[in-house]
Amino acid sequence: MNTILTGDPIKAAAILRAGQLVAFPTETVYGLGADAFNVDAVRRIFQAKRRPADNPLIVHVSDPGQIDHVAFALSPAARTLVRECFPGPVSIIAKKRPEVPPIVTGALDTVAVRMPEHPLAQEFLRACRTPVAAPSANLSGRPSPTTWQAVHEDLGGRISCLLQNGHSRAGLESTVVDCSQALPVVLRAGALTMERLRELLPDLAVADTGMDEIRSPGLQYRHYAPRASVELVTTAADAVAHERSAYIGLAEPAGVFGMCKVCPSVEAYAHAFFDFFRRCEAAGVQVIYCQKVPLAGIGRALMDRLTKASDVHASGATAPGAAIARRRSY
Ligand code: TXA
Ligand code: MG
């Protein structure tokens, strides 16, 4: 398949409306979109990404009015988040309308809804004139794509169109909040910070005992994994420099690494790390040392992604909260 590269959101939307797959930029990461009501097109998302069929997709809307096409009976928490955070880097889980095909939601009776704030994403979604089901536009298990080049690397030749734009602003995915029950629960830490969510939803359920409590439903799959091994270090001095090792963090490390990125802030670190993983891989790096950051602001989501990518997670080690999160999610 020839993947059309374009900067034109109207052209990209026409391709989606014709039942094809279109990757598009958002402020979090790039998404791989299909018409949420076109079962064949949605099925092809799972094929193109090699994604397990029981991992549900987020439905993207162009304006809050479109939420009613896919969800109903929004809880007070959901309505608060729509009012205060749409458009933005948050996905809200609510009761699904029967019209939404089960393939979109992994046969759950709930649906995740998000309205991106990226201007090109908004133009594209408006022109689609239908809600757009879209996971991140990477192959399953690969680092999420924060540039169009990363999308092309994973999905070039497997999708019909790629709407090109620059580097995603946040660099990691939306925060997923389950608002389908009486109490809102964060299922995945993300670009909308927990501090902001707690301001808006004082009864937000997030266990403070460990990050595994806030894992997403995709928990049982290995996520965000570069081909190099990832090791978390507390200080830069713990990273071992050699030509096939890499370092990313806030502090300057000692020694010469094959690849090295010192970030001026936690935000810059979150913005850069997925792309850094891919570039390390291309350079043949064998181990990537990532400096840990405090669990505050976007640092919480960053630590979640780094932990998932690390060897600790890959070896199957789980914290006590993991079983709870898994039960709740699936
Ligand atoms: O920022 C983002 O969220 C990006 C952009 C493209 O919007 N999308 C994204 O999609 O990260 P994906 O598929 O990579 O991650 C969606 C997460 C998964 O962990 C999935 O299990 C969860 O949301 N999810 C989707 N629908 C759900 C539902 N009905 N109930 C529980 N979890 C759900
Ligand atoms: Mg993903």
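The numbers here are math on the coordinates, done by the rules we state, and not lab data. Remember, predicted model here, so these are calculated numbers, not experimental data. All Cβ positions, glycine included, derive from the backbone under ideal geometry; neighbour counts span all protein chains shown.
Summary of values
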read-out: For the range 184-200, Karplus couplings with θ = phi - 60° (6.51, -1.76, 1.60), whole Hz, Gly/Pro x; value: x, 10, 7, 9, 9, 5, x, 5, 8, 6, 5, 4, 5, 4, 5, 4, 7
read-out: Order by protection proxy (mean Cβ within 10 Å, highest first), peptides 229-238, 91-100; value: 91-100, 229-238
read-out: Rounded to 5, percent antiparallel among DSSP beta bridges of the range 47-133; value: 75 percent
read-out: Cβ-placed point charges (K, R +1; D, E -1), dipole of the range 10-81 about Cα centre in debye, nearest 20; value: 300 debye
read-out: Relative contact order of the chain, pairs being alpha-carbon contacts under 8 Å that are 6 or more residues apart, as %; value: 20 percent
read-out: Volume of the Cα convex hull of the range 68-208, divided per residue and given in Å³; value: 131 Å³
read-out: Crossing angle, helix 39-49 versus the chain [Cα axis fit, 0-90 degrees, rounded to tens]; value: 10 degrees
read-out: Potential lengthening between Ala296 and Thr234 on full extension [0.36 nm per residue; Cα-Cα distance subtracted]; value: 20.8 nm
read-out: Two-decimal ratio, the chain, of alpha-carbon radius of gyration to 2.2 N^0.38 Å; value: 0.95
read-out: Ellipsoid semi-axes in whole angstrom, largest first, where each is sqrt(5λ) of the Cα gyration tensor of the range 82-140; value: 20, 15, 12
read-out: Rounded FRET efficiency, nearest 0.05, which uses the C-beta distance separating Gln47 from Ala283 and R0 of 22 Å; value: 0.15
read-out: Flagged links, alpha-carbon separation over 30 Å, of Lys11/Lys261; Lys11/Lys95; Lys11/Lys308; Lys49/Lys308; value: Lys11/Lys261; Lys11/Lys95; Lys11/Lys308
read-out: Magnitude of the charge dipole, the chain, Cβ model with Lys/Arg +1 and Asp/Glu -1, debye to 20; value: 720 debye
read-out: Local net charge near Arg97, Cβ-Cβ under 11 Å (Lys/Arg +1, Asp/Glu -1); value: -1
